[in-house]
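The values are calculated or read from the model by the stated rules, or taken from the named source; none is laboratory data. These numbers come from a predicted model, not from an experiment. When we count neighbours, we look across all protein chains shown, and the Cβ atoms used for this are built from the backbone with ideal geometry, even at glycine. Note: accessible area is taken over every heavy atom of the protein model, side chains too, but ligands, DNA and RNA are not part of it. Shrake-Rupley method; radii C 1.70, N 1.55, O 1.52, S 1.80 Å.
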Amino acid sequence: MKSMKVYVDNSATTRTDPEVVKAMEIFFTEKYGNASSLHSFGVESAEAFEKARDVVAKKLNADPREIVFTSGGTESDNLAIKGVVYANKGKGNHIVTSKIEHPAVLSTCEELEKEGFEVSYIGVDGEGFVDLEELKKVIRKDTILVSIMHGNNEVGVVQDIGKIGKIVHDGGALFHTDAVQSFTKVMIDVKKDNVDLLSISSHKIHGPNGVGALFVKKGVKVKKLADGGHHEFDLRGGTENVPGAVGFAKAVELVNDEELKKMCELRDYLSNRLLKEIPNSRLNGPLGDKDGSRRLCNNVNVAFKHIEGEGILLKLDIKGIAVSTGSACSSQSLKPSHVLTAIGMKPEDAHGTIRITLSRENTREEMDYIADSLKEVTAELRKLSPFK
Ligand SMILES: Cc1ncc(COP(=O)(O)O)c(C=O)c1O
């Protein structure tokens, strides 16, 4: 087999598109004014920054004044959840979230529990879809906020946020969704989807690292967490990251429907080959679909019985293939992934799981190389495994 270098860990981060780098460059070297300064250098930066805000807002069908630039998905999640519950304490102290959230949401909720807030964690079915009946029952008069993610970073399940938002609003609470993995992959319309707050991040879509945004619906009260100047509609102090926002907007502009279709096809081609050709393998999360509206178009998450994901990852790495064993943030931990256990997997099966996440840059030839390499690697590891 001819060796190749294949990067398929795009849910961890993506390669910054060279066009994005080009668009950003001038804002480091020539147009470097502070966007809050009153002189022409500042005005030039502010104009570029506001143009970037318009692009991001348009992609979500939001008003530009509803977009707050942040340092990424983690900060957006923190600002959404802590900001809303601190600002709306008068209503109660109850928060609802799901068992499959990213640590940026789960650990924020855990911190809030230490401060006296009560958090309910909703379960999911075998594919990862949130139990809507449980959600209806759990929302109470004193529920301030429901935070349920859109696209899951591990198993790729995409929740019906329009339906969830409606349930949340019928129950009288506010709805936040972490759309870090789904933004630009699944159509989002914050108005139709009944969303009050929504987190996104640039480095998942071929934009630069260290920039993201939070959509905050007009009229929703949020307490500022980073005190300082009155930047970002007084929701986040700190000098504006102009090159970052410009790069983020360029990344949004570069997305096209064709690449989403191509990723869906490659996703299903690869998972079909793996499931057919490697015994005792299973796909975690929902089955592939044509448009990525139930499963993220770039996500393949497969469990191989009787072997360890870490062993597979290291052997694939030697072959030049970059994958992950769970989410990037939990891959340092030996605990089975909380998402895989929430969908009902036994810890020993969860340990044999790898996540392959595609981008528009991947090819059919690379999928074949991954499938051929995985056949070889799993057979080798199974020979050594005491469990058969
Ligand atoms: C679903 C989800 N939320 C939040 C984050 C955190 O985003 P960032 O890396 O921009 O802080 C990630 C990153 O992996 C993610 O997958």
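From the list Glu127, Glu101, Glu154, exactly one residue is outside any helix (DSSP H, G or I), modelled with pLDDT of 95 or more and more than 16 Å from the ligand (Cβ to nearest atom). Which is it? It is Glu127. The set of residues in the stretch 315-337 being assigned to a helix (DSSP H, G or I) and at pLDDT below 95 consists of Ala328, Cys329, Ser330.
Look at the stretch 352-383 and say how many of its residues are in a loop (DSSP other than H, G, I, E, B) and buried (at least 23 other Cβ atoms within 10 Å of the Cβ).
Start the filter on the stretch 352-383 by keeping residues that are in a loop (DSSP other than H, G, I, E, B), which leaves 352, 358-363.
From what is left, the residues that are buried (at least 23 other Cβ atoms within 10 Å of the Cβ) are 352, 358.
Residues flagged as in a loop (DSSP other than H, G, I, E, B) and buried (at least 23 other Cβ atoms within 10 Å of the Cβ) within the stretch 352-383 amount to 2.
When Gly126 is tested against the conditions (1) under 21 Å from Asn301 (Cβ atoms); (2) surrounded by 19 or more Cβ atoms within 10 Å (Cβ to Cβ), the lone failure is (2).
Would you confirm whether or not the stretch 171-183 contains a residue that is over 13 Å from the mean Cα position of the chain (by Cα), surrounded by 21 or more Cβ atoms within 10 Å (Cβ to Cβ) and in a loop (DSSP other than H, G, I, E, B)? Write out each step before concluding.
Filtering the stretch 171-183 for residues over 13 Å from the mean Cα position of the chain (by Cα) gives 171-176.
Cutting the leftovers down to surrounded by 21 or more Cβ atoms within 10 Å (Cβ to Cβ) gives us 173-176.
Retained after the next criterion (residues that are in a loop (DSSP other than H, G, I, E, B)): 173.
Scanning the stretch 171-183 turns up at least one residue that is over 13 Å from the mean Cα position of the chain (by Cα), surrounded by 21 or more Cβ atoms within 10 Å (Cβ to Cβ) and in a loop (DSSP other than H, G, I, E, B).
For the stretch 254-268, the set of residues classified as surrounded by fewer than 16 Cβ atoms within 10 Å (Cβ to Cβ) and part of a helix (DSSP H, G or I) consists of Asp257, Glu258, Lys261, Glu265, listed by residue number. The single condition among (1) under 21 Å from the mean Cα position of the chain (by Cα); (2) crowded, with 17+ Cβ neighbours inside 10 Å; (3) more than 15 Å from Thr74 (Cβ to Cβ) that Ser120 does not meet is (1).
Do we have any residue at all in the stretch 215-232 that's within 16 Å of the ligand (Cβ to nearest atom), closer than 18 Å to Lys58 by Cβ, touching an Asp or Glu at 6+ places or on another chain (Cβ under 8 Å) and hydrophobic (A, V, I, L, M, F, W, C)?
Start the filter on the stretch 215-232 by keeping residues that are within 16 Å of the ligand (Cβ to nearest atom), which leaves 215, 225-226.
The next check asks that each one be closer than 18 Å to Lys58 by Cβ; those that pass are 215.
Still in the running and touching an Asp or Glu at 6+ places or on another chain (Cβ under 8 Å): 215.
Retained after the next criterion (residues that are hydrophobic (A, V, I, L, M, F, W, C)): 215.
There is at least one residue in the stretch 215-232 that is within 16 Å of the ligand (Cβ to nearest atom), closer than 18 Å to Lys58 by Cβ, touching an Asp or Glu at 6+ places or on another chain (Cβ under 8 Å) and hydrophobic (A, V, I, L, M, F, W, C).
The residue that is surrounded by the fewest Cβ atoms within 10 Å (Cβ to Cβ), among those in the stretch 205-245 that are touching a Lys or Arg at 6+ places or on another chain (Cβ under 9 Å) and closer than 13 Å to Asp17 by Cα, is Ile205. If you check Ser76, Ser40, Ser71 for being farther than 30 Å from Leu112 by Cβ and polar (S, T, N, Q), only one passes: Ser40. With respect to the conditions (1) open to solvent by 50 Å² or more (accessible area, probe 1.4 Å); (2) within 16 Å of the ligand (Cβ to nearest atom), Thr70 falls short on a single one, namely (1).
For every residue, the table says whether it meets (1) under 18 Å from Ile343 (Cβ atoms); (2) over 19 Å from the mean Cα position of the chain (by Cα); (3) of a type in the set (Phe, Trp, Tyr).
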residue: Gly238; (1), (2), (3): no, yes, no
residue: Ala245; (1), (2), (3): no, no, no
residue: Val255; (1), (2), (3): no, no, no
residue: Lys262; (1), (2), (3): no, yes, no
residue: Arg273; (1), (2), (3): no, yes, no
residue: Phe304; (1), (2), (3): yes, yes, yes
residue: Gly320; (1), (2), (3): no, yes, no
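Taking the conditions (1) crowded, with 23+ Cβ neighbours inside 10 Å; (2) within 16 Å of the chain's Cα centre (by Cα) in turn, Lys99 satisfies each one other than (1). For the stretch 1-60, a tally of residues being open to solvent by less than 80 Å² (accessible area, probe 1.4 Å), touching a Ser or Thr at 6+ places or on another chain (Cβ under 8 Å) and among the charged types (D, E, K, R) returns 2. The residue that is nearest to the ligand (Cβ to nearest atom), among those in the stretch 73-96 that are within 20 Å of the chain's Cα centre (by Cα) and surrounded by fewer than 24 Cβ atoms within 10 Å (Cβ to Cβ), is Thr74.
Any idea how many residues of the stretch 142-151 are part of a loop (DSSP other than H, G, I, E, B) and closer than 14 Å to His102 by Cβ?
Looking only at the stretch 142-151, we keep the residues that are part of a loop (DSSP other than H, G, I, E, B), and these are 142, 148-150.
Now drop any that are not closer than 14 Å to His102 by Cβ, which leaves 148-150.
Of the residues in that region, 3 qualify.
Residues in the stretch 290-313 that are open to solvent by 20 Å² or more (accessible area, probe 1.4 Å), at pLDDT below 95 and in a helix (DSSP H, G or I): Glu310, Gly311.
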